[in-house]
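Quick note: the coordinates plus some simple rules give every number you see, no bench work behind them. The model shown is predicted, which means the values in this text are computed figures rather than measured ones. Cβ: placed from backbone, ideal geometry, glycine included. Neighbour counts: every protein chain shown.
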């Protein structure tokens with residue numbers, strides 16, 4: 001599904017002066033302003049649900065960095081770290097400027113690429129040195145075991161791992177040859193992401209028994225195992241610190257970005273004026289403060305429900321369910337616009353778009369359905385309650401754009417002249 005998402009996004013036209021997401025423009029042109037607003041809202045709100053997921057990983061990494069790995073299993077500790085780190089980052093963001101943009105690239109290298117390469121090397125060294133190999137890596141365990149519909153639930157986390165790459169479409173206009181260059185860049189990114197996911201995972205599987213792994217601390221337990229075996233325990237603390245830095249950088253770099261896109265849409269009359277407020281630094285406080293409140297409420301789930309890994313997976317399901325609705329709108333819009341506007345000149349045209357987008361739509365629909373099924377290995381939330389909880393969060397966070405659109409008023413349109421040119425005619 002993810003590769004289909006990447007291919008179809010190449011058709012995004014690059015003529016919007018406000019740098020709004022091409023997804024909103026597609027959906028708005030295909031299905032009207034209301035559906036376009038829903039699309040941009042979903043892109044923003046799923047990102048809000050993502051913060052507790054990312055910051056839970058920060059909490060686990062920090063625990064291992066200080067030699068207290070058992071803290072990563074504490075819901076109270078995890079929830080508190082999420083709340084404290086998020087609001088500290090929020091306070092810095094409200095001061096304006098590009099405080100985190102400068103550390104974003106460094107965070108990706110230090111916290112993701114280097115640890116991934118290190119895991120691959122450690123896994124190879126583990127096998128070469130004839131260390132005991134975990135049953136996870138045995139021939140009989142290399143293929144997924146299917147033991148009911150819950151076995152497919154982890155598909156959702158894999159789908160979510162590739163989501164968001166459509167954001168790069170705004171850079172198409174900066175390329176000399178988008179027809180070749182952009183698709184090549186996406187394919188390279190796709191291969192790198194697969195490599196970063198698969199090879200380190202195999203390295204972890206070689207050394208760590210399944211019962212010691214959690215969804216949010218597997219890499220950290222692996223470092224502890226590798227370096228502990230070779231009497232270099234201090235290196236596992238250093239690796240955990242690097243991962244904590246990278247995960248924090250990723251979270252805070254995205255803190256204000258998605259909400260800026262929602263603000264631009266809001267100023268065309270789609271959100272009340274109170275949500276359009278900005279402080280003296282031009283930071284969208286009217287959106288960021290409610291965003292922080294939502295993150296805090298979601299962090300409390302870690303404290304209320306025993307089992308950090310289970311909550312981690314539940315939040316992934318919630319975020320994915322919200323995001324794939326947007327993707328389904330996007331794929332449907334692509335099909336409609338190809339029929340509605342067949343002669344528009346584009347820098348890249350996907351062949352057999354109906355097939356490509358159709359498969360993408362069905363894959364997203366499957367992921368949406370599976371997001372309501374708890375994973376078989378992490379059922380800390382009762383199976384009967386799980387789909388109700390996910391549905392409740394999806395409804396509560398997904399229904400506001402419908403209400404705001406129904407209640408919209410002319411005075412909500414506070415945009416500049418350029419922004420007002422982007423406001424579509426009334427339906």
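Cβ crowding within 10 Å ranks 231, 281 as 231, 281, fewest other Cβ atoms first.
Once both labels are positioned 7 Å from their Cα atoms along Cα-to-Cβ, the gap between residue 355 and residue 403 label points is 4.5 nm.
Taking the beta-carbon count within 10 Å as an exposure proxy, list 73, 317, 177 from fewest neighbours to most. Numbers along the way, then the final one.
Working: 73 17, 317 28, 177 10.
The most exposed by this proxy come first: 177, 73, 317.
Exposure proxy ranking for 411, 24, 277, based on other Cβ atoms within 10 angstrom of each Cβ and starting from the fewest, stands as 411, 277, 24.
Extension gain, residue 125-residue 191: 0.36 nm per intervening residue step, less the Cα-Cα distance, totals 21.4 nm.
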